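Please treat every number below as a calculation from the coordinates, not as lab data. Source: prediction; values computed, not measured.
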């Protein structure tokens, strides 16, 4: 008998959001800071997903991979709308000891 995935996915999503909220409250949220250089870098991101390994970072046992993503959408409905601009930058650096 096939298992309906939609109710399971909805339950998993709700419980995941709840678990993240409980974790954030329990561990306390730290005061963040705004770095204008980072804000400018987010504005320069192109829309979509990009992954690359810079050649100048791959020396002496160091490997680095960079990833960027940006999503810009305008959502409209009868009473108005909102513009969503989400950006993500990540760096993973691995060094041999």
Bins of 10 Å from zero: percent of alpha-carbon pairs in the chain: 11, 19, 34, 25, 8, 1
Rg and Dmax [Cα atoms of the stretch 46-97; Å; Rg one decimal, Dmax integer]: 17.5, 59
Degrees between helix 5-27 axis and first principal axis of the chain (Cα, 0 to 90, nearest 10): 60
Residue with peak Gaussian network fluctuation, the chain [Cα springs, cutoff 10 Å], from 75, 13, 51: 13
